[in-house]
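Here's the structure we're looking at; comments come further down.
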Amino acid sequence: MSRTFTTYLSRLFLRQTLVVTLGFTALLQLFDLLKNAGDVIARHGGSIDALAYYTLLRLPGIVSFLLPLCILIATLMTLSHLARHNEIVAMKAAGVSLYRIVLALAPAALAIAAAHWILGDQIAPAANRALQRWDARSIAAADGALGDEALWLRSGRAVVRVGGVLDDGRRLTGVQVFLRDEDGNLVAYLAGREAVYREDAWRLFDVRRTIWPADGPPRRDRLGRMVWDSPLQPRDFVDLSTPPDHLTLRALRQAAAVAGLGRRPPFFYRTWVQRRIAAPVSIGVMILLAAAVAQTLARSHAGVINFALGIGLGFLYLIADGVSLTLGEAGTLPPLLAAWAPLAVFATLAMTALMAREGI
């Protein structure tokens, strides 16, 4: 395949991708800011700096979310441009099939897939964690609630409830510890205002302690501070309290290893591990879906219908992917199937449509 041909198509495709991504990102970022500006102002003040910082931290996650759909639209626009200018007809007359046209987009697609991987696995999680820490510091400084959903964990025979996780897991607020015996009976209860991890040990502060001895009435006392003997590490609290889309692949694997401690089962995180690995492949599937409807884009009436059909197929894939992910999180589907089945099904449908259009 000619290098000039590949370079021409790649430049056209990348230009369309940039325009579409910038437009959709700006639109979604505007909607996101309109929705959350009140919370940002309440927590961080009404300065432009606070709103700009929030917008900056939300940007990687929004781009990562939108990129597959933007690739679909950019591919449709690229092929529509070629069709309107009769370039596809000229290419076919020169013996260039639609397969070769799609293949010429492969270098650009691989570069975008790599960027999507880095953005979704490294940059967006780091930005989301920074946003969480920023919010947590402001809420904690205002002595407010850190969230409506507490974190529950199991550590040996103990059940632990944590109201909030701060300072990368080294400071916990609203800590409650339920200690049980071998038969599962409650033998002690600890409630601390906060727990701080220092010198490889947890320390509880402002503790209310209740002990139920085997014989006799319960004993209650208050302690200014005490050592909490627990094998749990700060990282465990961070991983188990963070939404899975805010974690890197490495952190997801670590969370899957310790997920039996928390409210989410191991298969929940294993599903997200497979989802993260499969994410870049969605770029290729979107290109195939666009190519499957590319033949009639040159005709005005049929072109509009097929352009809409291509976008509809993309949304259908995103819906199927979301449903499959939910089933994987619930344990209804195995993690591997939950992450890869929508990709395989829609790639097969697109390839079948391409083969039919090419007369194979």
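Coordinate-derived values only; no laboratory data. Computed from a predicted model, the values in this text were never measured in an experiment. In this analysis, Cβ positions are derived from the backbone assuming ideal geometry, glycine residues included, and neighbour counts consider all displayed protein chains.
As I understand it, the dipole of segment 151-261 uses +1 on the Cβ of Lys and Arg and -1 on the Cβ of Asp and Glu, about the Cα centre. Which of 188, 252, 153 lies farthest toward its positive end?
Farthest towards the positive end: 188.
Calculate the FRET efficiency for residue 122 and residue 187 from the Cβ-Cβ distance with a Förster distance of 30 Å, rounded to the nearest 0.05.
Efficiency, rounded to the nearest 0.05: 0.10.
Sort 92-103, 232-243, 127-138 for me by packing, meaning the mean count of neighbouring Cβ atoms within 10 Å per residue, highest on top.
Those peptides, ordered most packed to least, come out 232-243, 127-138, 92-103.
Expected output is a single nm value to one decimal: the length gained when fully extending between residue 257 and residue 348, i.e. 0.36 nm times separation in residues minus the C-alpha distance. What is it?
29.4 nm
Rounded to two decimals, what is the ratio between the C-alpha radius of gyration of the chain and 2.2 N^0.38 Å?
Working it through for the chain, the quotient is 1.28.
How far, in degrees from 0 to 90, does helix 335-357 lean away from the longest principal axis of the Cα atoms of the chain, to the nearest 10?
10 degrees
Taking just the C-alpha trace of segment 49-203, give me its Rg and Dmax in Å.
26.4, 83
What's the ranking of 2-14, 159-171, 29-41 by average number of surrounding C-beta atoms within 10 Å, highest first?
Descending packing order for the listed peptides: 159-171, 2-14, 29-41.
When ranked by the protection proxy of mean other Cβ atoms within 10 Å per residue, highest first, what sequence do the peptides 79-87, 15-23, 199-207 form?
Those peptides, ordered most packed to least, come out 79-87, 15-23, 199-207.
How far apart, in nm, are two points set 7 Å out from the Cα along the Cα-to-Cβ line at residue 35 and at residue 81?
Roughly 3.1 nm, to one decimal.
Rounded, prolate or oblate: pick one for segment 308-360, where a ≥ b ≥ c are the square roots of the eigenvalues of its C-alpha gyration tensor, a/c under 1.5 means rounded, and failing that, prolate if a/b is larger than b/c, else oblate.
oblate
Rounded, prolate or oblate: pick one for segment 1-86, where a ≥ b ≥ c are the square roots of the eigenvalues of its C-alpha gyration tensor, a/c under 1.5 means rounded, and failing that, prolate if a/b is larger than b/c, else oblate.
prolate
Based on Cβ point charges of +1 for Lys and Arg and -1 for Asp and Glu, what charge dipole magnitude is obtained for segment 151-261 about its Cα centre, in debye rounded to the nearest 20?
I would put it at about 260 debye.
Between residue 250 and residue 97, what FRET efficiency follows from the Cβ-Cβ distance if R0 is 30 Å, with the result rounded to 0.05?
Here the calculated transfer efficiency is 0.10.
Quick one, can you get me the convex hull of the C-alpha atoms of segment 151-261 expressed as volume per residue in Å³?
Once divided by residue count, the hull of segment 151-261 is 98 Å³.
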